[in-house]
Every structure is written in C-alpha cells, then in structure tokens.
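Chemist: What follows is a structure written as structure tokens; I'll ask about it next.
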Amino acid sequence: MEKRIVNNAAYFALIEEQLLLGQQLCIPIRGNSMLPFLKEGDKVWIKQVAPDSMKVGDVLLCCWKDQVVLHRLVKKKKEEWLLAGDNNLGQLERVTPQQVLAKVMAREMEEGAQELPVRFRVVGLLWYYLRIPRILINKITR
Amino acid sequence: MRLKDGLTLRKIGKEFVIVQPDLGMQDMTKVFTLNEVSAYLWEAVQGKDFTAQHWEDLLLERYAVEPEVAKADVEAILVTLREQGLIVD
C-alpha cells in the first residue's frame with residue numbers, strides 16, 4: 001500500500017470524531033514546536049478528558065485559529081487557557097476549554113505506550129517559566 | 001473470505017478511511033484509505049463472506065470496464081488489503 005499524505009483537515013476531522021467516541025488514539029508529532037520534550041516523528045497517545053482533569057503543564061491537542069496544535073497548557077483561567085509550544089519563545093495560544101480536543105496521556109516508545117511521568121509536566125512548566133532567560137541567551141548567542 | 005471484524009469505513013471529506021473503533025485504542029499514525037472504487041466494493045461486502053468473483057461482478061455492473069481489467073483490479077485490491085491484514089480467509 002503506497003504511503004500518502006492525508007489532507008490535514010480530513011485527518012483531524014477523523015481524529016475529533018474518534019475522540020468523541022471515547023477512543024484513545026496514537027498520533028504522530030509533526031514539527032518541532034515541542035522540542036526538547038517532543039520532536040517530529042515521536043508518537044503520543046491522546047484521549048478526550050474532562051476539562052477539570054487537565055492541569056497546567058499537560059500537553060493538549062487544541063483547535064487554534066485555523067490549525068490544530070499540540071502544545072503545553074501554561075495557564076488556566078475559567079474561560080481562557082493559554083498554551084505554548086516548548087520550543088516557542090514568543091507565541092502563546094489563547095483558547096477556550098471548548099477548543100481543547102484531547103490530552104496527551106502517554107508516549108509511544110519501542111516497548112509500547114508509556115504514561116507520561118509527573119516530571120514531564122513539571123519540567124516542561126519549568127522550561128516555560130525559563131522563557132525570559134532563554135530569550136536572552138538566544139539573542140546573545142545569535 | 002471476509003473483511004476483518006471490527007473495521008468501519010468512514011468518509012471524511014473526500015477520503016474513505018478505515019477505522020477500528022471496537023479496540024478503544026487506535027494507532028492513527030498510519031491510516032488506511034480507500035479510493036472510491038475500493039470503498040464501493042468494501043461497503044458491498046461489509047459483514048459478509050465474499051469472493052473475488054463477487055467483486056469482479058460488482059465492478060462490471062457499475063463501471064464500464066472489460067472483464068480482464070475488473071479481474072486485475074480486484075486482484076490488486078485484494079493483495080493490498082491482505083498485506084495490511086484487513087481481509088481474513
């Protein structure tokens with residue numbers, strides 16, 4: 001069977017449909033916006049969960065503007081959540097809880113699915129809080 | 001032969017995609033898609049036993065093709081579906 005690239009909109013329409021059916025899905029990471037924690041080609045398991053159970057530091061799949069992004073929840077207010085890619089120094093995505101499709105539950109490794117440890121969330125958040133020094137270091141080292 | 005149990009064909013936009021919702025956990029890093037002709041054949045035999053001849057007859061009925069072309073097309077589709085474990089004997 002030849003390898004084809006499925007239209008993104010169609011793919012995520014399918015993902016959303018299957019998530020609403022309660023499925024846990026393994027999807028590939030595209031791009032490097034989540035470096036150093038997730039990179040292009042990594043695979044993660046996602047599932048739709050209640051908004052209350054999503055914590056700051058979790059990595060979420062969300063609709064944002066006309067895209068679907070998989071980024072880290074860095075701030076959670078009642079009707080406005082802020083997301084940031086771990087490798088993005090400037091961009092913040094503002095979404096409503098209704099725009100969140102799923103949470104990353106596990107990472108697919110060679111030996112199978114491995115639930116993300118607490119440190120993934122904690123270290124990821126720490127990485128986000130270090131954005132200012134990272135921006136400075138980036139400017140200095142350019 | 002028959003289609004593997006638990007598979008469903010979903011039309012998403014212009015694509016026909018095979019999903020397996022019974023599992024609860026699905027690997028979506030590679031999704032199987034069918035073209036319109038294959039999707040037609042697939043839907044015609046969902047939940048039933050069928051033969052290659054059955055599919056050939058469906059193609060001849062629906063499309064203006066020569067029998068040899070129908071036979072070759074069905075063989076090609078069956079090879080691909082078997083390779084991916086989507087058909088059981």
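The values are calculated or read from the model by the stated rules, or taken from the named source; none is laboratory data. Keep in mind it's a predicted model, so treat the numbers as computed, not measured. Counting neighbours? That spans all protein chains shown, and the Cβs are built from the backbone with ideal geometry, glycine included. Ligands, DNA and RNA are stripped out before the accessible areas are found, and what is left, the full protein with its side chains, is counted by its heavy atoms. Shrake-Rupley method; radii C 1.70, N 1.55, O 1.52, S 1.80 Å.
Chemist: Go through the range A:57-64 residue by residue and turn each phi into a ³J(HN,Hα) via Karplus (6.51, -1.76, 1.60, θ = phi - 60°); whole Hz please, and just put x for glycine and proline.
Modeler: x, 5, 9, 10, 9, 9, 8, 9
Chemist: A further question follows. Can you tell me what the convex hull of the Cα atoms of the range A:63-127 projects to on average, as an area in nm²? Display every interim value, and only then the final one.
Modeler: On the way: hull surface 21.1 nm².
Dividing the Cα hull surface by four gives the mean projection, 5.3 nm².
Chemist: Using a 1.4 Å probe and counting only protein heavy atoms, arrange B:Met1, A:Met54 so the residue with the most accessible area comes first.
Modeler: B:Met1, A:Met54
Chemist: Could you derive backbone 3J(HN,Hα) for the range A:79-90 from the dihedral phi with the Karplus parameters 6.51, -1.76 and 1.60 (θ = phi - 60°), listing whole Hz in sequence and x where the residue is Gly or Pro?
Modeler: Result, ordered by residue: 10, 9, 10, 10, 10, 8, x, 4, 9, 9, 8, x Hz.
Chemist: On alpha-carbon atoms, Rg over Rh for chain B using Kirkwood Rh? Please list the in-between numbers first.
Modeler: Values: Rg = 13.2 Å, Rh = 13.7 Å.
Answer for chain B: 0.97.
Chemist: Continuing with this model, one more query. Can you give me the distance in nm between label points at B:Val79 and B:Arg62, each placed 7 Å from the Cα along the Cα-to-Cβ direction?
Modeler: Between B:Val79 and B:Arg62, the label points sit 2.2 nm apart.
Chemist: For B:21-31, what's the mean count of beta carbons from other chains sitting within 10 Å of each residue's beta carbon?
Modeler: Average per residue, whole number: 6.
Chemist: How would the range A:24-142 be classified by its alpha-carbon gyration tensor: rounded, prolate or oblate, with rounded meaning a/c under 1.5 and the a/b versus b/c comparison settling the rest?
Modeler: Working: a/c = 1.65, a/b = 1.20, b/c = 1.38.
Oblate is the answer for the range A:24-142, as a/c is 1.5 or above yet b/c matches or exceeds a/b.
Chemist: Whole angstrom only: what separates the Cα centroid of the range B:25-48 from the Cα centroid of the range A:26-84?
Modeler: Spelled out, the Cα-based centre of one part sits 29 Å from the other.
Chemist: Hand me the tally of lysine pairs in chain A: alpha carbons under 22 angstrom apart, and the pair either on different chains or 8 or more positions apart.
Modeler: Final tally of qualifying lysine pairs is 28.
Chemist: Can I ask one more? Ranked from the most accessible area to the least, with a 1.4 Å probe and all protein chains present, what is the order of B:Asp22, A:Asp58? It would help to have the intermediate numbers written out before the result.
Modeler: Values: B:Asp22 120, A:Asp58 15 Å².
Largest accessible area first, the residues go B:Asp22, A:Asp58.
Chemist: Same structure, new question: Based on DSSP loop calls and a cut-off of at most 15 other Cβ atoms within 10 Å, the longest stretch of chain A free of exposed GluC sites (Glu not before Pro) is what? Could you put the intermediate results ahead of the total?
Modeler: Working: sites that count: A:Glu2, A:Glu40, A:Glu79, A:Glu80, A:Glu110, A:Glu111.
For GluC sites (Glu not before Pro) (loop position, at most 15 other Cβ atoms within 10 Å), the longest site-free span of chain A is A:41-78.
Chemist: Also, quick follow-up: Working from the alpha-carbon coordinates of the protein assembly as shown, get Rg over Rh, Rh being the Kirkwood radius.
Modeler: Values: Rg = 22.0 Å, Rh = 20.1 Å.
Expressed as Rg/Rh, it is 1.09.
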